[in-house]
1. Looking at residue A:66, is it within 13 Å of chain B (Cβ to nearest Cβ), at pLDDT 95 or above and buried (at least 24 other Cβ atoms within 10 Å of the Cβ)?
2. Report whether or not residue A:202 is more than 25 Å from residue A:58 (Cα to Cα), more than 14 Å from every other protein chain (Cβ to nearest Cβ) and away from ligand 1 (no atom under 11 Å from the Cβ).
3. Exactly one condition in (1) in a loop (DSSP other than H, G, I, E, B); (2) in contact with a helix residue (DSSP H, G or I) (Cβ under 7 Å, 6 or more places away or on another chain); (3) within 16 Å of ligand 2 (Cβ to nearest atom) is false for residue A:142; which is it?
4. Report, by residue number, each residue of the stretch A:117-136 that is assigned to a loop (DSSP other than H, G, I, E, B), without any contact (Cβ under 8 Å) to a residue 60 or more places away in the chain and surrounded by fewer than 20 Cβ atoms within 10 Å (Cβ to Cβ).
5. Quick check: anything in the stretch B:20-43 surrounded by fewer than 24 Cβ atoms within 10 Å (Cβ to Cβ), within 16 Å of ligand 2 (Cβ to nearest atom) and under 30 Å from residue B:280 (Cα atoms)?
6. Out of all the residues in the stretch A:117-139, which are in contact with a helix residue (DSSP H, G or I) (Cβ under 6 Å, 6 or more places away or on another chain) and either within 13 Å of chain B (Cβ to nearest Cβ) or within 16 Å of ligand 2 (Cβ to nearest atom) (or both)?
7. For the stretch B:187-195, indicate whether the set of residues that are touching a strand residue (DSSP E or B) at 6+ places or on another chain (Cβ under 6 Å), within 28 Å of residue B:95 (Cβ to Cβ) and touching a residue at least 24 places away in the same chain (Cβ under 8 Å) is non-empty.
8. Kindly indicate whether residue A:5 is within 16 Å of ligand 1 (Cβ to nearest atom) and either outside any loop (DSSP other than H, G, I, E, B) or within 21 Å of residue A:232 (Cα to Cα) (or both).
Ligand SMILES: Cc1ncc(C[n+]2csc(CCOP(=O)(O)OP(=O)(O)O)c2C)c(N)n1
Ligand SMILES: [Mg+2]
C-alpha cells in the first residue's frame, strides 16, 4: 500500500534537493535523487535516533559512504528536526555547516565523515565492532554506491564484517547502474554483485530501491547471524525526466530553465 | 596572450597531441575521465585508454606494469585520491624502481571549492616531494600545462603534474622556455621577490604590479618545477632582494615554502615569509571566497611583502 504521507514527503525532499543544488550551482543531483527512498526507509521506518540528542550513545548509526549524495541526507535530517530547514539553502557556502560532503564536526546528525569513496563502509565496520565490544544493541547502516563498490576497500570491509559475524551491520547499495564515466558495466564490470557478497558471507536481499516499505522489510528480515547486503534497484536522477538514467547529471549544475522544469515535474515551487 | 582555459582541458589536449607522436603513450583513469579530461584522449585513441573504475590503488600499480613493459602510462584521477589513497603504491611500485609513470592529477588544492575539505588536497605536493626519484611540475597556465606534459615524456621516471580545476588566463608565451628544474623570472625588481607556483602566479604578478605603484619593486619567480627545486635561482633572488615571500595553493608545510626554506637554510640571511594554507584543512565555498578566507589574494601578498620589508 502506498503511504500518501511518505509519498508527499519524498516529493518535498526531492524538491529541497533540487533547490539546494540550484542555489549553490554545484553538487550531485543524480546520486542524491536516486537515494531518497533508501534514506527515508532508514529515517522514517527503521532508525532509533533522537534529533534532540544526536550524540546519544545507543543510537543507530548511518554512514553515507557515497558521501556526494548528502543533499538527500541533509534534506531528511532537516525534516526530522536535526537543524532548521532554512540551513539547506546555504549548502556548500563558505559560512555553512552543510559541507559539500558530510562532516561530523559541523553538522548535527552526521555520524561519520565521507566523500572519499570506499572509506565509509570500513568506518562502519569499526562502529559495528565497537557496538559488539560494548555489548550494545544498536545497528550500523552503510549506504554505498554501485560505482563505489569497485574500491578494494569495500571488499576488505566485507571480509571483516563477515569474519566478525557483524549481524548489526547492514550495507545498502544504491544500484542506479551509473557512475561518472558511464554505466558500471562499461567502466568496470562487477557482474553479479549480490552473488559476490553472498560468497563473502553476507545475507543478501534484493529490493525496489524506490519502495520504502520493501527496503524497510529487507532491513528487518532475518540475517542469520551474518552481516546483511541489500541491493536497492534505483534510477539515477529519479523524478526528473531529463536526469533519469543519464550519467551526465552526476555532478552538473542546473541552469534556470532546467531548474524550473525539474521543479515542475517534482511538483515543488521554483521560488528561490 | 592566448585564450583562458581550464588547466584540465589543456592537460587533455596535450595528451592527445603527445599521443599522436608517441605510440607508447597509454592513458589510465579511475572513473574521472570526464573530470580530469583524459576523456579527450579516450575519444581519439580508445585502444590506448584504460578505465579502472573507482580503484585508484589498482590503477597506480597497473601503471607500473605498463611501464615495466616499455609503455608510457599517464595515470589520472583527483590529486587527493592519486597522491593520497595510492601513496604507497606510488612509493613502492613506481618511484622505488624509477618506473616511467606520469600522473596528471587534477582538482588539486583549494580551488576545487564547493566539494570541501574532503576533496581539497593541501598536502599532495608534500607527499610527492618526499618520494625519491619524483619530479613535480605545478603549471600556472594552459601553456605551461601542455609543456609540462611534453617535458614529462622526456624524463625517464615518475613525474607528478599538478593540474588545477579552474579556468586560467594565459600568463606565459608559447616561446617561454619550460626547462625542468629551471624557474622562470617573470618580473624584475630588487626590493623583494615573490616566489610563486601554480594558480598563485597570477596573483603574484598582480601584486607585483600594484606594489610598483606603491614604490616597491617586486620580482616574480615562477617555480613551475617544485622538484628538483631551482636552488640557484632562489639564492640569486635572495642575494639581489634580501627578502622573499613564497606563495602556494597548498600547505606551507612540505610544499614550495618548505622547498625554498631548505634552500635558504645555511645559505642565505635573506628575510623569508611563507604564504599558503597554514596547517589547516579546507572547507566548502566558492573558490574566490576560499582564497579570501585563507589569505591568498594579491592584496594579501602585497601586505605580506610590505610587512616583511618593514620588519
Ligand atoms: C576515492 C574516490 N575516488 C573518486 C571519487 C570521485 N567520485 C565522486 S562520485 C564518483 C562516482 C560514484 O559512482 P557511484 O558510487 O555509482 O555513485 P552514484 O551513482 O550513486 O552517484 C566518483 C568517481 C571520490 N569521491 N572518491
Ligand atoms: Mg551509481
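The values are calculated or read from the model by the stated rules, or taken from the named source; none is laboratory data. No experiment lies behind these values; they were computed from the predicted model shown. Neighbour counts run over all protein chains shown; Cβ positions are idealised from the backbone, glycine included.
1. In short, yes.
2. no
3. It is condition (1) that residue A:142 fails.
4. A:134, A:135 - these are the residues of the stretch A:117-136 that are assigned to a loop (DSSP other than H, G, I, E, B), without any contact (Cβ under 8 Å) to a residue 60 or more places away in the chain and surrounded by fewer than 20 Cβ atoms within 10 Å (Cβ to Cβ).
5. Yes, that holds for at least one residue.
6. A:117, A:118, A:121, A:122
7. yes
8. Against the criterion (within 16 Å of ligand 1 (Cβ to nearest atom) and either outside any loop (DSSP other than H, G, I, E, B) or within 21 Å of residue A:232 (Cα to Cα) (or both)), residue A:5 does not qualify.
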